[in-house]
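All remarks here apply to the structure that follows.
The values are calculated or read from the model by the stated rules, or taken from the named source; none is laboratory data. Please read these numbers as outputs of a predicted model, since none were measured by experiment. Every residue, glycine as well, gets a Cβ built from its backbone with ideal geometry; the counts of neighbours run over all protein chains shown.
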Amino acid sequence: MTVFGAYSRYYNLLYKDKDYPGEAQYVNELIVRHCPAAKTVLDLGCGTGRHDLLLAEKGYEVTGVDQSGEMLAVAHSQRETSKGQRFSSTFLQGDIRSVRLDRSFDVVVSLFHVMSYQVSNDDLRAAFATVRAHLKPGGVFIFDCWYGPAVLTDRPVVRVRRLEDDETAVTRIAEPVMQGNDNLVEVHYHMLVRDKASGAMDDLHEIHRMRYLFRPEIELLLRETGMAVIESFEWMTGRQPGFDTWGVCFVVRG
């Protein structure tokens, strides 16, 4: 979980087309369905905080935790500059495998495949223990991950993205390396960044190790921490998971 150093500087640009409002609304609908009286939300692996601010707009008191100080700096900046609106949101630095906040929440979320960054059984077990330690009895845990059957059926391939805003142009090359015995995809990112004003170039390299998960192992590790899956489905669509659903959402009862 020590990635997203230099990457964080361009994170929001790289994902500028990501439907954060739609995803926040989707999560809100799940919360309303499974925990209608919920008022407090903990986001583990909050990144730059965009989901958190949108959930706070919907009336939740949101606490975001992330290990990356660079990501959290962006989150704090966005919170302060969001059209002057007051958000009930807090951002804290911590490792989601070990952080303890000495309080509990109605809902815990972990979005955008954060659980797939828990690459060992011990990592995932520790992250689930953190969830359980902060979830009120009867509360709900919502997370998404890379789904094993789809990753093995529709293998990852080299991808190139080119994005720009008024100041910066970014070309990102993602080269995946499968590690089948560990259920991992090691994604090698190479980013070429050009400052439009000065013409200066930056050449960045990062490796993100992603674990693809299967429902039986998720159920087993959740059961160890006293939690159980309520339902699972393709992220944002509600379709049953299958060989073509890379991103699967799990709703868990504490």
Practice problem: Say whether the condition of being of a type outside the set (Phe, Trp, Tyr), surrounded by fewer than 19 Cβ atoms within 10 Å (Cβ to Cβ) and closer than 27 Å to residue 220 by Cβ is met by at least one residue in region 189-205. | Solution: no
Self-check item: Criterion (part of a helix (DSSP H, G or I), hydrophobic (A, V, I, L, M, F, W, C) and over 21 Å from the mean Cα position of the chain (by Cα)) met by exactly one of 152, 124
Solution: 152
Exercise. Find the residue count for region 126-146, including only residues that are surrounded by 23 or more Cβ atoms within 10 Å (Cβ to Cβ) and within 13 Å of residue 229 (Cα to Cα).
Key: 6
Exercise. Scan region 20-58 residue by residue and report those that are farther than 27 Å from residue 69 by Cβ and out of contact with any helix residue (DSSP H, G or I) (no Cβ under 9 Å at 6 or more places or on another chain).
Key: 22, 26, 29, 30, 32, 33, 34, 35, 36, 37, 39
Practice problem: Would you mention how many residues in region 155-187 are out of contact with any strand residue (DSSP E or B) (no Cβ under 9 Å at 6 or more places or on another chain) and farther than 27 Å from residue 12 by Cβ? | Solution: 2
Exercise. Give the residues of region 61-83 that are surrounded by fewer than 24 Cβ atoms within 10 Å (Cβ to Cβ), touching a helix residue (DSSP H, G or I) at 6+ places or on another chain (Cβ under 9 Å), under 17 Å from residue 20 (Cβ atoms) and not aliphatic (A, V, I, L, M), sorted by residue number.
Key: 78, 79, 82
Quiz item: For region 53-60, does any single residue satisfy the condition of being part of a helix (DSSP H, G or I), under 30 Å from residue 161 (Cβ atoms), at pLDDT below 95 and not aliphatic (A, V, I, L, M)?
Solution: yes
